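Asks: Supplied in structure tokens, the structure appears directly below.
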Amino acid sequence: AQKITQTQPGMFVQEKEAVTLDCTYDTSDQSYGLFWYKQPSSGEMIFLIYQGSYDEQNATEGRYSLNFQKARKSANLVISASQLGDSAMYFCAMTVYSSASKIIFGSGTRLSIRP
Amino acid sequence: DGGITQSPKYLFRKEGQNVTLSCEQNLNHDAMYWYRQDPGQGLRLIYYSQIVNDFQKGDIAEGYSVSREKKESFPLTVTSAQKNPTAFYLCASSPTGVRTDTQYFGPGTRLTVL
């Protein structure tokens, strides 16, 4: 069975520092996709970044990068130069090619940025 | 502006009543999804639809029903058979419904059953 594990329920980081949010996944499939979403207090889920299992380069989107270590089955999100507006819940998620069209979500990490 | 709208933002219902949550998208996406989120938890898939007039059960479909009569609309009905319906409901869509598609979410509806 597929599973996403986020072991950090909450984190506090000083503004302008970089932060790494951990995510490990479990699947026996060779083909899969990994996603990170941000959920502010308003509730909307905002797509941040995507990494395919066959992508050789780590995905980057502005201040977000995904540290993809396939052998360790980890897909950590790195936010550089954190801002106050980065305070939110962050969810790691995965789709697998052999399953029905659905995303499996982790339990999330609440990130709080201190001024 | 293209996007996904959900209405209402907050919904209150008495126990035993059916209630329908609206989800509309003008992104011309083929696939649409409904998720449930409980406090402090991730999202769980209720139903999804990859094409008009077709939909599939997700992980927690019991007590819910959907329809997909139009491409842009995917309403979710929470029936009286759903034992614990109070939750935050999120609708999403993706361009084609293939497994690597990015899903884009609406603002959500917070349902409280009194």
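Asks: Against the condition touching a residue at least 12 places away in the same chain (Cβ under 8 Å), in a strand (DSSP E or B) and either out of contact with any strand residue (DSSP E or B) (no Cβ under 6 Å at 6 or more places or on another chain) or away from chain A (no Cβ under 13 Å) (or both), how does B:Phe12 come out, does it pass? Reasoning before the result, please.
Replies: Numbers: touching a residue at least 12 places away in the same chain (Cβ under 8 Å): yes; in a strand (DSSP E or B): yes; either out of contact with any strand residue (DSSP E or B) (no Cβ under 6 Å at 6 or more places or on another chain) or away from chain A (no Cβ under 13 Å) (or both): yes.
For B:Phe12, the condition - touching a residue at least 12 places away in the same chain (Cβ under 8 Å), in a strand (DSSP E or B) and either out of contact with any strand residue (DSSP E or B) (no Cβ under 6 Å at 6 or more places or on another chain) or away from chain A (no Cβ under 13 Å) (or both) - is met.
Asks: Just for segment A:82-113: of the residues that are modelled with pLDDT of 95 or more and surrounded by fewer than 19 Cβ atoms within 10 Å (Cβ to Cβ), which one is nearest to the other protein chains (Cβ to nearest Cβ)?
Replies: Here the answer is A:Arg110.
Asks: Out of all the residues in segment B:49-67, which are more than 10 Å from chain A (Cβ to nearest Cβ), touching a residue at least 24 places away in the same chain (Cβ under 8 Å) and assigned to a loop (DSSP other than H, G, I, E, B)?
Replies: Scanning segment B:49-67 gives a single hit, B:Ile60.
Asks: Here is a follow-up. Which condition number does A:Tyr54 fail, the rest of (1) open to solvent by 10 Å² or more (accessible area, probe 1.4 Å); (2) within 13 Å of another protein chain (Cβ to nearest Cβ); (3) of a type in the set (Phe, Trp, Tyr); (4) outside any loop (DSSP other than H, G, I, E, B) being met?
Replies: Single failed check for A:Tyr54: (4).
Asks: Regarding A:Tyr54, is this residue touching a residue at least 12 places away in the same chain (Cβ under 8 Å) and touching a strand residue (DSSP E or B) at 6+ places or on another chain (Cβ under 6 Å)?
Replies: Here the answer is no, as A:Tyr54 does not meet what is asked.
Asks: Right, next: Can you tell me which residue is nearest to the other protein chains (Cβ to nearest Cβ) among those in segment A:8-35 that are among the polar types (S, T, N, Q) and within 20 Å of A:Tyr50 (Cα to Cα)? Break it down into steps so the answer makes sense when it comes.
Replies: Just the residues of segment A:8-35 that are among the polar types (S, T, N, Q), to begin with: A:8, A:14, A:20, A:24, A:27-28, A:30-31.
Going one step further and asking which of them are within 20 Å of A:Tyr50 (Cα to Cα), we end up with A:20, A:24, A:27-28, A:30-31.
On the way: A:Thr20: 19, A:Thr24: 14, A:Thr27: 12, A:Ser28: 15, A:Gln30: 13, A:Ser31: 8 Å.
So, considering only residues that are among the polar types (S, T, N, Q) and within 20 Å of A:Tyr50 (Cα to Cα), the one nearest to the other protein chains (Cβ to nearest Cβ) is A:Ser31.
Asks: Determine whether B:Glu15 is charged (D, E, K, R) and surrounded by 15 or more Cβ atoms within 10 Å (Cβ to Cβ). Lay out the reasoning, then the answer.
Replies: On the way: charged (D, E, K, R): yes; surrounded by 15 or more Cβ atoms within 10 Å (Cβ to Cβ): no.
It is false that B:Glu15 is charged (D, E, K, R) and surrounded by 15 or more Cβ atoms within 10 Å (Cβ to Cβ).
Asks: While we're looking at this one, here's another question. Could you check segment B:68-112 and list, in sequence order, the residues that are of a type in the set (Ser, Thr, Tyr), in contact (Cβ under 8 Å) with a residue 24 or more places away in the chain and either over 16 Å from B:Gly3 (Cα atoms) or within 14 Å of chain A (Cβ to nearest Cβ) (or both)? Give the derivation first.
Replies: Let us first name the residues in segment B:68-112 that are of a type in the set (Ser, Thr, Tyr), namely B:73, B:77, B:79-80, B:86, B:89, B:93-94, B:96, B:100, B:102, B:104, B:109, B:112.
So of that shortlist, the ones also in contact (Cβ under 8 Å) with a residue 24 or more places away in the chain come out as B:73, B:77, B:79-80, B:86, B:89, B:93-94, B:96, B:104, B:109, B:112.
Those that are of a type in the set (Ser, Thr, Tyr), in contact (Cβ under 8 Å) with a residue 24 or more places away in the chain and either over 16 Å from B:Gly3 (Cα atoms) or within 14 Å of chain A (Cβ to nearest Cβ) (or both): B:Thr77, B:Thr79, B:Ser80, B:Thr86, B:Tyr89, B:Ser93, B:Ser94, B:Thr96, B:Tyr104, B:Thr109, B:Thr112.
Asks: Let me ask you something else. Which one of these does B:Thr96 not meet: (1) β-branched (Val, Ile, Thr); (2) farther than 23 Å from B:Asn26 by Cβ; (3) assigned to a loop (DSSP other than H, G, I, E, B)?
Replies: Exception for B:Thr96: condition (2).
The values are calculated or read from the model by the stated rules, or taken from the named source; none is laboratory data. As the structure is a computational prediction, the values presented were derived from the model and not from experiment. Positions of Cβ are generated from backbone atoms using ideal geometry, with glycine treated the same way; all protein chains shown enter the neighbour counts. Note: areas computed on protein heavy atoms with side chains; ligands, DNA, RNA excluded. Shrake-Rupley method; radii C 1.70, N 1.55, O 1.52, S 1.80 Å.
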